[in-house]
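Undergrad: The following block contains the structure, expressed as structure tokens.
The values are calculated or read from the model by the stated rules, or taken from the named source; none is laboratory data. Predicted model, so just to flag it, every value in this text is computed and none were measured. As a convention, Cβ positions derive from the backbone with ideal geometry for all residues, glycine included, and neighbour counts pool all protein chains shown. The protein model used for the area step is the full one, side chains on, heavy atoms only, and it has no ligands, DNA or RNA in it. Shrake-Rupley method; radii C 1.70, N 1.55, O 1.52, S 1.80 Å.
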Amino acid sequence: MFENDADTNSSPSQNNDTNNTAAEYLRRAAQACAAGDAVLGMHLYLAAFEKATHGAYMPNDAAIDGLRQAWRLACKLKERSLAEYIFEKLEPYMTPDEVAECAEQLQRLALDKLEEFGLTREDLEDMTDMISQDFLGLSSAPFMMKVEHRETGAPSLMPFRKEERKAIEKAGGEPQLSEKAEGKAASVSNAEYIEKLTYRDIVGFRDAVKTMNGFGVGMQDDPQFQELVETLNVRHGLKKMPIIDTYLFRAPVREDANQFMSATLGEIGLPAIRMHMEENLQGMPVLCVMAQADNQPKLNAAKNAFEGGGILVLEDVDLWGSPLADAGSDEMGMFAYAQLSRGAREAINLIRSAVENPEVYVLASAGGDGEIDGFFYDLLDPVTVVDIDDPSPSERADLWIRIASEHPSMRSIDRSALVRYSAGMSRFDIYMAAREAVEDAYKASLVARRYMPVTADNMFEKLAAYQPLDSEEYRQLEDAVIEDFRAQIDRIDDLLNGMGD
């Protein structure tokens, strides 16, 4: 028994060894800082924390304090990348106020870095104010604002459409939202040109196009319609056809709604501003505002509003959270609005002015299952909802004709079967299923070192993956795959029998 006790006492505890090693790193870090070597001290503090967390559920207080010292040294030395790394390690042990303060410090380090490239502090002061407001007011301001240069037309979501893309370097320049927003929010990025869409370029939206034609969109080449508009303008004393409602495009799959909205944007052909939500590095929603660099709308800087005609595009508005979610009354709503960052207030004012302007089209998109927050629905009112249903049989036939024209390897598959088995699928899902089948055939051709077309059973398998398991189409697809497999077995049996004879 004494031998066991002796062995137990003589074998050092791993935890004690770890703590002692971490403590030794902390001691050396303090010595390095006292000797004036801040860089070595910073790395030793960080090493102490890493050692204390190795094999431990939670580091001790001394290791966490050492990590705080490493953070202060990284900020003092303007080591932004290392400061971001330390911030990620330190964040779980910080209060919300400390997180906001450190995030603001990281932003100042980023601005200092930009200042090294020639931008003066005065040029960046307004931007710093806005970012500080957003970081310190996360509970009352759920989105910030970012303005980007984009030379872009309406992006095509059709996976099979060949698009001409050309990267264009943008050096300098001013954000396009307004003079008020110029200094506040600007993330200037390389631009990308994407081919513009019109109703002639998209397939499978025959009914939706007919609906928009009824509102006058897409009828600019119809002489009878133009004659009617001229008559109405004279009779009603207007210079041109007014734009009364916001158009909200809604589809079961939001990709269909966004594609049709993009085609509507190209059909109208006016300068446009696009808005959509993204998440920043902190996981907070950010409102991104984009304009075409070569076709910018005219904006009144003083009123932050459109001057003349234009288009405001709001993508996936059902995913936008209300900035006044906590406001329970009109008085609280006004107070919450006043607490928003300047960029957020200007974005709301721009939307409101566009809705009220009879010369500006306001286009919005949403998924069929999503509900639009009441704040934005009231902001966009009056709203005309354009429901884009799943493609009809004739529209599905158009889709499969387009796919076959662009992918000859699919032309051997019975088109009527494809139309029948793709019932209930969205346009986007049909394109995705077809592309997956084409890619499988391509990879099989590479392995076999010869051309292999898309087979019917493979195409049916891809369609089945998009159909509900309890649907009639899924059952028919299963039967079709089994029947095709039996046919292949019969062909193999016939071949083997022929070889035996």
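Undergrad: Rounded to the nearest 20 debye, what is the charge dipole size of the range 226-288 about its Cα centre when +1 sits on each Lys and Arg Cβ and -1 on each Asp and Glu Cβ? Display every interim value, and only then the final one.
TA: Working: 6 positive and 8 negative charges, 55 e Å.
Result for the range 226-288 is approximately 260 debye, rounded to the nearest 20.
Undergrad: Dipole of the range 217-257, Cα-centred, from +1 at each Lys and Arg C-beta and -1 at each Asp and Glu C-beta, to the nearest 20 debye?
TA: Numbers: 5 positive and 7 negative charges, 53 e Å.
That gives the range 217-257 a dipole magnitude of about 260 debye.
Undergrad: I need the shape label for the range 408-449. Rule: rounded when a/c is under 1.5, else prolate if a/b > b/c, else oblate, with a, b, c from the alpha carbon gyration tensor.
TA: On the way: a/c = 3.58, a/b = 1.79, b/c = 2.00.
The shape class here is oblate.
Undergrad: Okay, moving on. For Arg206, project a label point 7 Å along Cα to C-beta. Then give me every residue of the range 381-419 with its amide nitrogen under 12 Å of that point.
TA: Once the point is set 7 Å along Cα→Cβ of Arg206, 391-401 turn out to lie under 12 Å by backbone N, inside the range 381-419.
Undergrad: Could you tell me what percent of the accessible area of the range 356-457 is made up of carbon and sulfur, with a 1.4 Å probe and every protein chain present?
TA: Details: 2530 of 4960 Å².
Looking at the range 356-457 in its full context, I get 51 percent from C and S.
Undergrad: If Asp316, Asp97 are ordered by their accessible area, calculated over protein heavy atoms with a 1.4 Å probe, which sequence runs from highest to lowest? Intermediate values should be presented prior to the final figure.
TA: Numbers: Asp316 30, Asp97 125 Å².
Largest accessible area first, the list is Asp97, Asp316.
Undergrad: With the cut-off at 1.5 for a/c, could you classify the range 392-490 from its C-alpha gyration tensor as rounded, prolate or oblate? Walk me through the numbers before you get to the answer.
TA: Values: a/c = 1.80, a/b = 1.21, b/c = 1.48.
The shape class here is oblate.
Undergrad: Just reorder Thr455, Thr21, Thr246 by solvent-accessible area, largest first, 1.4 Å probe, all chains present. Numbers along the way, then the final one.
TA: Details: Thr455 65, Thr21 40, Thr246 5 Å².
Accessible-area ranking of Thr455, Thr21, Thr246, largest first: Thr455, Thr21, Thr246.
Undergrad: Classify the range 340-444 from the C-alpha gyration tensor, please: rounded if a/c falls under 1.5, else prolate or oblate depending on whether a/b exceeds b/c. Could the numbers behind the result be given before it?
TA: Values: a/c = 3.29, a/b = 2.57, b/c = 1.28.
It comes out prolate by the Cα gyration axes.
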